[in-house]
1. What is the set of long-range amide H partners of Val295 at a cut-off below 5 Å, with H atoms built 1.01 Å from backbone N?
2. Give me the number: length gained by fully extending Gln117 to Glu290, i.e. 0.36 nm times residue separation minus the C-alpha to C-alpha distance, one decimal in nm.
3. Starting at the first residue of region 318-326, write each ³J(HN,Hα) from the Karplus equation 6.51 cos²θ - 1.76 cosθ + 1.60 with θ = phi - 60°, in whole Hz, x for Gly and Pro.
4. Which residues' amide hydrogens lie under 5 Å from the amide hydrogen of Glu235, considering only partners 5 or more residues apart or on another chain, with H built in the peptide plane?
5. Using the alpha carbons of region 213-455, what is the convex hull volume per residue in cubic angstrom, as a whole number?
6. From the mean inverse distance of alpha carbon pairs (Kirkwood) and the Cα radius of gyration, derive Rg over Rh for region 318-433.
7. Residue-wise, which Karplus ³J(HN,Hα) couplings in Hz belong to region 387-402, taking 6.51 cos²θ - 1.76 cosθ + 1.60, θ = phi - 60°, and x for glycine or proline?
8. When ranked by the protection proxy of mean other Cβ atoms within 10 Å per residue, highest first, what sequence do the peptides 121-133, 196-208 form?
Amino acid sequence: MGKGKRILSLVLVMTMGSAFAGCGKKADTSEKKKSTKDKDVAVTDTSVAETKKATPSQPDFSTLQLSNTYLVGMDYCYDDMWMASPYVTLNVRFDQILEVEFYVPRYDGERTYVTKQFPLSDQQFLNIKTGIDLRELYELDPQESSMEDTMDGGNSWLFIYGQDDQVLKACGGFCPVNKRFNEMRRVIYENIPEEFFTVYDSYARRNDFYISYGYSDYGVFLSVESDLSQLEEYEMVVIDAQYFTKEEIEEFKSQGHFVISYINIGAIENFRPYYEEYEDLALSDYEHWEDEKWVDVTSDRWQDFILKELAPSLLEKGVDGFFVDNCDVYDEYPDIATRSGLETIMKGLVATEKEVIMNGGQSFLDAYLASGGSAFDILNAINQEEVFTWIDWDTMELRGRPLDERDENTKTLEQDAELGIYVFLLEYTQNAGLEKEIQRFCYSQGNTNFQYYISDSIELDGDTDLTS
């Protein structure tokens, strides 16, 4: 278990034990407030209060063996951890690094953790080092309220680390009012590098995306090339960001939407502006799609284009992640080289720390897992088309699958969910009865439903009108 996970478990246990005890007394004197970055931090004017000395229940500070790695740790939550804002621990290291373990929620209730490091300037580290008195922190009572001026707040903690780099003492609790305790928290907060807040905001949005997963409306609109407002009833949308400006996407996001962009990594389409440059990498015709050919994903040129040009250009527009199409190239060319090429691209997309939803590609996922990899190396979620339905390309009719095929497909999706990845369905039908069957399946998945979108045509133009 990582440091952040251990600390979170410790804090949750300690918090629940005190959450209903109230915040203690608060002095009548009013506080001044100073806005620091995105949060209000109380500024107190009176002198340092006397601290409560160590009790017989804890060893004397002079006998402790402290960490040579970590100076101090502090919890951080932008809003309220109970309101699902990410709860992280900021660990100040003696080598002038702020170490933070972020997390992304998983479908199975677990979390995927990522450790980030943020350099502290000489002045930032000096400010923290001189502002933190570990002996005083160890011995004080966080709930001490006899001083003239106190500070109130939510769940607040400071961590002292032992020689084994594990938490030796978690100092704080529910609404600690001790002035010196809060002054030490403040000196850390005021010296956090700006880059941390940018990264935190990114993980907070990812956290919101997956919290919204279970109850948001999801839609795939690859033929919509203008006017995102027509999609306003959907909280999670998949679009082709090639057709939209950064301003249009940011405006739509500001209205409470998550925007995922289509990106084609396993095939090349002749209407893309980059087609002529990479046409020589085309492998073979793509059945049923005349404007598309399978592409050589083993090519370094193609991998570099996707990861260094195409994906960054889409991220520059402010999208929340990628809807990655045509990993099914592995079905056409099921060899180690193709799998390796896809792995390189998918891992590169995951490294952007945005959502990576693989459309199809089940054979590739199975092969990667069989090689010893983890699903989270290459994706966060999977979208499967035609689980309950299928397109009759001879007649261009939308049909329901036979029951045995549905059972096999749904079993595969449930197995994917057991890996902890999120599951999306994209179906094509004009039958409202079949829609109900799809809905029942998606709503039967335990505590969190699968997300689905049903289109009445393969155009994915958003003009859906189901009839019975």
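No lab work stands behind these numbers, since they all come straight from the coordinates. None of these values were measured; they are calculated from a predicted model. Cβ atoms come from the backbone with ideal geometry, glycine included; neighbour counts cover every protein chain shown.
1. Ala267, Ile268, Leu283
2. Going from the current span to full extension adds 57.5 nm.
3. Each residue's phi maps through the Karplus curve to give x, 5, 8, x, 10, 9, 8, 9, 6 Hz.
4. The list, which skips near neighbours in sequence, is Asp217.
5. Taking only Cα atoms, region 213-455 has a hull volume of 133 Å³ per residue.
6. My calculation puts Rg/Rh at 0.99.
7. 6, 9, 10, 8, 9, 7, 5, 6, 10, 6, 9, 9, 10, x, 6, x
8. 196-208, 121-133
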